[in-house]
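Comments concern the structure below.
Every number in this text was worked out from the coordinates using simple rules, so none of it is lab data. Keep in mind it's a predicted model, so treat the numbers as computed, not measured. Here Cβ is always computed from backbone atoms with ideal geometry, including for glycine, and neighbour counts include all displayed protein chains.
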Amino acid sequence: MSASIEAGTLERSSPTILIRPTSGPIPPRLKELWAYRELFLILVWRDIKVRYAQTKLGFAWMIFQPLALLLVYTFAFSHLARVTIPGIPYPVFALAGLTLWIYASRAVFTGSESLVANITIVTKTSAPRILLPLAANISVIVDFLVTMVLYFVIAALYGFFPTWRIVFAVPLLFATFILALGLSLFLSATNVRYRDVGQALPFLMTLWFFLSPVAYQLQTPGLSWETIVQAANPMVGLILAFRWALLDTPAPHGLLVAALLESAVIFVLGIVRFAHAERTLADDA
Amino acid sequence: MPSERSQTMPESVVVSAHSLGKRYQIWTHSRPTSLSDKLDHLVGAVRPRRNPERPRREAIWALEDVTFDVRRGEVLGIIGPNGAGKSTLLSILARITEPTTGHAEIHGRVSSLLEVGTGFHPELSGRDNIFLNGAILGMSRREVEEKYDEIVEFSGVRDFIDMPVKRYSSGMFVRLGFAVAAHLDPEILLLDEVLAVGDRAFQEKCLARISEIVHSGRAVIFVSHDVASVARLCDRGLVLNSGRVVFDGAVDEAVAAYLSSTPLGVDANAAVDREGTGELRVDRIAVASAQGDGVVRAESPAEIFVALRGSWTGRTEPLRLQLGIHSTFGGMHVLFSTDYDPSHPLDTPELGDGSVVVCHVDELPLKPGRYTVSATIERAGGEIVDRVGDKGFFTILPSDYFGTGIFAGDTHSAPVLVRHHWEVLPPAGAVVGVEVGEAIG
């Protein structure tokens, strides 16, 4: 008798879910995200494993891409366009910017595609949708670490070794992560309804690349319209600061402040856009 | 009173839906004329297109005023034609999409199984996908580890478990997906159509597993247009049509209600080639297959339902009802009769005007083609009361009925497929009835 009462109490303690119409943005439910942490880790692990284990060349591929880009830029900018960087061999200079740029662009690409690529998880399960862009962005950090190893090796071959400033690479990576995550949230939610996002993205990323000082050096700034363009592009401040942390090039000061502010704003906009779109993601798909 | 529902709700009610409604906003170029048109638009027009014709926004109610309760241990089947709102209802209960109106309460741990193998990644091994899919379905890593061997055993793909699932056959893929899902341990299970996959033997295994889950005191809501599995698995049936509940009650009655309401039903009154004395009449004939509605198409051995609505009052003596299956080339190939059912189905006081009599054909092993159904009401002595010919069409699709890798029935006109096997005996011991040489001589 008492056992059955106990069983009854146990049953009563089981969760009650109330399903009803809501309105307005759905704020991120941190408690729910925590409950889904295992799924999150598995998604990150899946993204990494698929990239590295899928092909026999998986790991080599990660090295090959930045290396090939580096060779092309060195040929185009250093040999053809005669870009010279005082005191730094061009390949080291370019790779110091490429590492962060490749990270940002991969994060934005995979993040923006994350909902569409996993659309059945959106339309067939109630798992928090934000896990998908988040997992995509986190998994790309592994790629970043691989390209960083490549950088350290090549820099060492040219006789360049990191100084204590390397510790600033970590907060700069974090700022870039926040920026890329904000864009991923914004674009992935939009991509579900308007697949054109996937079409336009490669073009826009190429534009962005040439507007960012990855393969070239900024002219010493006086205050001009160029400064405004540079200040408006958060990757300018981040790449310059990252290069400062790796190679002791001049610090970007104001541009970095602008970049950090912009990254924060884009992150918030991404969260807000996602929160608005989340309710109808399954209906739009 | 409804607002106090949660307080006054009996303890055994685990799912309670109250006036659920779902409205979709869609863009359209022309006014849809039917719900299925509307749903077509819904699929095609979620993305606004630039078009010289000015697109309009329209509201479609995919679900309206749906109210029901499910108690612990109860198995509710939701049936209805395509576009009736079945999947929308399940999506709302599974918290994939929100209702526009109404509310629902769920008491207990819920698992929803809306698809087999959700999130499976083709590049990952079967083993990896078990963990991935388990996590997506809400199982903890430890839970999956504990059940891992059982899952692999159930799936029957142990030898391939370290191979990427992209190399799996579609059957293996589905089996692995179902195996993970079959080891969920929820208090409330939401199931969508997942049985319509895999080969027949595996489907039977799935059904057995599901009925095991079902009979362990859990509440199950099962959505399907597979009338057969709903009839087999569920105690109670809810029939949806155009987003509304048109019937809620015992599953047999629900199936009958669904079949008689299906647009496929042919009005037999218009039949030209009608015979018989006419005291009793068949009004409507509907054929439904276990695989779907819209068009009745099935693979051999097809499981079909034939529903007849008729005016039965005034019967004074034992009757039999017979259904004939004819091919479009003519000729009756198979006959079903109430005389062949030992339970004497027509000897019931419930048979009255407007009653629906359903014939459930477990297996119809016919070669691919179009078939029609005729119905005959006969007196025991053989006098025809009403006979309607060639009403109710269905199609049998090409299939590998004999498991030989080729479509059965392609090379001959004989309509019935019967499973059989051949043997070759060594010459010494072979004594076959008639020596062929002698027979010729």
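Quick one: Kirkwood hydrodynamic radius for the stretch A:166-285, alpha-carbon pairs, angstrom, one decimal?
Roughly 15.6 Å, rounded to one decimal.
Would you list the P(r) distribution for the stretch A:239-285, with all Cα-Cα distances sorted into 10 Å bins from 0 and each bin expressed as a whole %?
All Cα pairs considered, the percentages come to 25, 29, 20, 17, 9, 0.
Compute the acute angle (0 to 90°) between the alpha-carbon long axis of helix A:90-117 and the principal axis of greatest extent of the alpha-carbon atoms of chain A; round to the nearest 10°.
The helix A:90-117 is inclined about 20 degrees to chain A.
Just want to confirm a number: the relative contact order over the stretch A:47-169, from Cα pairs under 8 angstrom separated by 6+ residues, in percent.
Taking the mean separation of contacting Cα pairs over the length of the stretch A:47-169, I get 30 percent.
Under 5 Å between amide H atoms, partner at least 5 residues away or on a different chain: which partners does B:Val246 have, H built in plane at 1.01 Å?
B:Val239, B:Leu240, B:Asn241
Kirkwood hydrodynamic radius of the stretch A:25-103 from all distinct Cα pairs, in Å?
Evaluated on the stretch A:25-103, it is 16.0 Å.
Largest first and to the nearest Å, give the Cα extent of the stretch A:148-210 along each principal axis.
49, 22, 18
Starting from the eigenvalues of the Cα gyration tensor, five times each then square-rooted, give me the equivalent ellipsoid semi-axes of the stretch A:120-226, largest first, whole Å.
Value: 32, 21, 13 Å, ordered largest first.
Which value in Å is the Kirkwood Rh of the stretch B:67-253 over different Cα pairs?
Every distinct Cα pair counted, the radius reaches 17.0 Å.
Calculate one ³J(HN,Hα) per residue across the stretch A:186-192 by plugging θ = phi - 60° into the Karplus curve 6.51 cos²θ - 1.76 cosθ + 1.60, and present them in order as whole Hz with x for glycine and proline.
Once rounded to whole Hz, the list reads 4, 6, 5, 5, 6, 4, 4.
Hey, can you rank B:181-190, A:181-190 by average C-beta count inside 10 Å, highest first?
The most tightly packed comes first, giving A:181-190, B:181-190.
Counting only Cα, what are the radius of gyration and maximum Cα-Cα distance Dmax of chain A, in Å?
22.4, 90
Report, as an integer, the average count of C-beta atoms from other chains found within 10 Å of each Cβ along A:37-44.
Per residue, the number of nearby Cβ atoms from other chains is 5 on average.
For the stretch B:127-225, evaluate the Debye formula with one uniform point scatterer on each Cα (no solvent term) and list log10 I(q)/I(0) at q = 0.10, 0.18, 0.23 Å⁻¹, rounded to two decimals.
Rounded to two decimals, the profile gives -0.26, -0.86, -1.37.
Across the stretch A:49-146, how large is the tail of the calculated P(r) beyond 22 Å, expressed as a percent of all Cα pairs?
Taking all Cα-Cα pairs of the stretch A:49-146, the fraction more than 22 Å apart is 45 percent.
Average partner chain C-beta neighbours within 10 Å, per residue of A:113-122?
2
What are the aspartates and glutamates whose alpha-carbon lies under 17 Å from the alpha-carbon of B:Lys166, with same-chain residues fewer than 8 places away excluded?
A:Asp47, B:Glu123, B:Asp128
Grab the DSSP H runs of chain A that are 4 residues or longer, score each as -39,500 (n - 2.57), total them, divide by all residues and round the 222 nm result to the nearest 500 deg cm²/dmol.
-23500 deg cm²/dmol
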